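Some notes on the structure that comes next.
The values are calculated or read from the model by the stated rules, or taken from the named source; none is laboratory data. For clarity, every value in this text was computed on a predicted model and none was experimentally measured. Heads up, the Cβs are rebuilt from the backbone with ideal geometry, glycines too, and the neighbour counts pull from every protein chain shown. Surface areas here come from the heavy atoms of the whole protein model, side chains and all, with no ligands, DNA or RNA. Shrake-Rupley method; radii C 1.70, N 1.55, O 1.52, S 1.80 Å.
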Amino acid sequence: MTTSSSATNAPAASLFISPQADDVLRGELHGLEHLEAQARQLAAACSVAPPTGPVRPLLQRFSENGRVLVRAYRAITAAYARQEALGPDAEWLVDNFYIVEEVLREVRQDLPRGYYNELPRLLNGPLAGYPRVYALALALIAHTDSGPDEAHIERFVRAFQTATPLTIGELWAVPTMLRLSLIENLRRLAEQLIRAWDERKMAQDWVEKHADIPEKPAEQRTFAPLPCCNDPFFVHLLEALRNHESLVGAGIEWLEAHLRGRGTNTGEVVRREGQRQAANQVTIGNCVTSLRLLAALDWNVFFERVSPVEALLREDPAGVYARQDFATRDRYRQAVEKLARGAEATELAVTQEALEMARREDKATDTARRHIGFVLIGRGRGELEARLGYRPAVRDRLPRLLAGHAHVVYFGGILLVLSAIVAALAIASTPNTSWGYLLVAAVLLLPASELTVGLVNYLVTLLLKPRVLPKLDFKDGIPADCPTFVVMPSMLVRPESAASLLEKLEIHYLANPDPRLRFALVTDFADAPDEKR
């Protein structure tokens, strides 16, 4: 890829990298400030296509990249088995191919087709149909020579979002897209490597074709046309000519004349090819190092640092959101994503609306109602959906209907299933009279009820997912405003029960030495006449 020397003046077309090109992803190296300017310009040039059906050019390209890399690895190992000389770039690739294989497996798991289809896609340009976040990853990889560190990634993403905020799904896709970009670059480097080997074979074949011709002066020799005109071919051809005594004079003179006709010479060709090999060795090393880095970074922390939705949610009027654990915060963000899709609104707009609803509550009211979670996943969700014009999907309506009429559905279901089972068994027993049917039904009622309750409970767990309570994050200790009393109810049934319970109480206390955590027993005697004596 070639970029303008000034990121702020580069034409929009030069900001995007063709996904089908053969050139190594290696653009102009930028400092952090220049890289940020490149990100802002790239974001301004991205036009997002309206949601359409599934289009999967990236997944197809990824599958192809995997096949090409596997073929290249097999070709390199076969050459090694033949004791052929391997360049440093080939050695880097074959020695670290286990990392590439691991990344290929991870990407297949992390990028399912349904998730890919939800990512905003580009409308036009060489990356039309590809995810917008993939264009971001390609540009970052190109302008860091496949060696971005955590600071590069974070500042590039932040700068991109000053012009175009990324969705929650896009931000979570950043590590996967960076891996895909690195795999793409490794594929291009591997193809260059294989082509260079093919050109070396062509150079050797060309020399062997002329090796048996009697030696004559250069002007009297006739040479066949060259099958290739790339620098690797010329370098290998020059090396092969020098290894043949009959061609070392006339052949090299002829090659020099041929190169002069192309406006270059052997020295320039050898210099360019040496630079290419050295640059490719560095890039392959950077790719492998970056794949290791991406596996080591804490992407949960990265996401929460760069997400604009996360920044808004932390403005929770109740001041609770930032103190919750990661799983609870992620649950709130998933609610924002779902509402944005159903209401055809931006995630930032949904979050702003939820904040406005939470801020309307008077500070004198219950803290729970001023918490943004009350609006996103609690009883205030219905009002928020109405304000946004959210239309729940069909698959979401049945669980809501069941939860809204829980007693009727549960006990009514037990009654219907029990009646059906008892009636079926009674009919199957074929009694001769109506009293016989009633007698059989009465006998079957108790065992059938056990079966019915178990069956209904199982069906309920299939239809309704458990609602997990939001949690606070106390990994650094219980804060001053959240002192906790752990009370263990128990019965004193034997004289030694008190000593046993006190021992357990002491064990719990010593295992949880937090100054704001207290433990107590609530006990009663087994022979007490009531619960208050």
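Miscellaneous remarks
- Scanning the stretch 117-146 for residues that are surrounded by fewer than 18 Cβ atoms within 10 Å (Cβ to Cβ) and either among the hydroxyl-bearing types (Ser, Thr, Tyr) or touching a helix residue (DSSP H, G or I) at 6+ places or on another chain (Cβ under 6 Å) (or both) returns Glu118, Gly129.
- Only listed residue being surrounded by 19 or more Cβ atoms within 10 Å (Cβ to Cβ), out of contact with any Ser or Thr (no Cβ under 6 Å at 6 or more places or on another chain), modelled with pLDDT of 90 or more and under 27 Å from Glu101 (Cβ atoms), chosen from Leu25, Leu58, Leu42, Leu35: Leu25
- Of all the residues in the stretch 265-278, those that are surrounded by 15 or more Cβ atoms within 10 Å (Cβ to Cβ) and not acidic (Asp, Glu) number 6.
- Residue within the stretch 367-378 that is part of a loop (DSSP other than H, G, I, E, B) and either over 30 Å from Pro51 (Cα atoms) or touching a residue at least 60 places away in the same chain (Cβ under 8 Å) (or both) present: yes
- Of residues in the stretch 253-304 being among the charged types (D, E, K, R) and touching a Phe, Trp or Tyr at 6+ places or on another chain (Cβ under 9 Å), the one nearest to Glu170 (Cα to Cα): Glu304
- Of all residues in the stretch 31-87, those being within 16 Å of Gln192 (Cα to Cα) and outside any helix (DSSP H, G or I) number 2.
- Restricting Glu344, Glu310, Glu361, Glu315 to residues that are open to solvent by 40 Å² or more (accessible area, probe 1.4 Å), in contact with a helix residue (DSSP H, G or I) (Cβ under 8 Å, 6 or more places away or on another chain), within 25 Å of Pro392 (Cβ to Cβ) and of a type in the set (D, E, K, R) narrows the list to Glu361.
- Close Cβ contacts (under 9 Å, 6 or more residues apart or on different chains) running from residues in the stretch 394-407 that are over 16 Å from Leu459 (Cβ atoms) to residues that are open to solvent by 50 Å² or more (accessible area, probe 1.4 Å) and part of a helix (DSSP H, G or I) comprise Asp396/Lys338.
- Contacts under 9 angstrom Cβ, first residue in the stretch 472-484 being among the aromatic types (Phe, Trp, Tyr), partner open to solvent by 70 Å² or more (accessible area, probe 1.4 Å), 6 or more apart: Phe474/Arg323
- Subset of the stretch 63-102 (residues that are β-branched (Val, Ile, Thr) and either open to solvent by 60 Å² or more (accessible area, probe 1.4 Å) or more than 14 Å from Ile284 (Cβ to Cβ) (or both)): Val68, Val70, Thr77
- Matching option when the condition is outside any strand (DSSP E or B) and touching a residue at least 24 places away in the same chain (Cβ under 8 Å), among Val468, Val487: Val468
- Checked against (1) in a helix (DSSP H, G or I); (2) at pLDDT 90 or above, Ala90 passes all but condition (2).
- Within the stretch 218-233, residues that are crowded, with 16+ Cβ neighbours inside 10 Å reach partners that are modelled with pLDDT of 75 or more and among the aromatic types (Phe, Trp, Tyr) with beta carbons closer than 6 Å, at six or more positions or on different chains, in the pairs Phe223/Trp254.
- Test: residue in the stretch 397-404 that is assigned to a helix (DSSP H, G or I), surrounded by 17 or more Cβ atoms within 10 Å (Cβ to Cβ) and out of contact with any Gly (no Cβ under 6 Å at 6 or more places or on another chain): no
One line per residue, one yes/no per condition, for (1) more than 27 Å from Glu315 (Cα to Cα); (2) β-branched (Val, Ile, Thr):
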| residue | (1), (2) |
| --- | --- |
| Leu348 | no, no |
| Glu356 | no, no |
| Arg360 | no, no |
| Ala368 | no, no |
| Gly373 | no, no |
| Val394 | yes, yes |
| Ala406 | yes, no |
| Ser419 | yes, no |
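- Filter result for Ile421 (under 19 Å from Arg333 (Cα atoms) and β-branched (Val, Ile, Thr)): no
- Test for Gly147: is it of a type in the set (Gly, Ala, Ser) and under 18 Å from the mean Cα position of the chain (by Cα): no
- Given (1) among the small types (Gly, Ala, Ser); (2) surrounded by 17 or more Cβ atoms within 10 Å (Cβ to Cβ); (3) within 15 Å of the chain's Cα centre (by Cα), number of the condition Gly114 does not satisfy: (2)
- Verdict on Ala345 being within 29 Å of Ile153 (Cα to Cα), among the small types (Gly, Ala, Ser) and without any contact (Cβ under 8 Å) to a residue 24 or more places away in the chain: no
- Residues of the stretch 479-533 classified as charged (D, E, K, R) and either under 30 Å from Ala322 (Cα atoms) or surrounded by 12 or more Cβ atoms within 10 Å (Cβ to Cβ) (or both), total: 6
- Failed criterion for Pro148 (all others in (1) in a helix (DSSP H, G or I); (2) farther than 26 Å from Ile194 by Cα hold): (1)
- Test for Thr351: is it among the hydroxyl-bearing types (Ser, Thr, Tyr) and open to solvent by less than 50 Å² (accessible area, probe 1.4 Å): yes
- Qualifying residues in the stretch 428-453 (those that are surrounded by fewer than 12 Cβ atoms within 10 Å (Cβ to Cβ) and in a helix (DSSP H, G or I)) - the one modelled with the lowest pLDDT: Trp435
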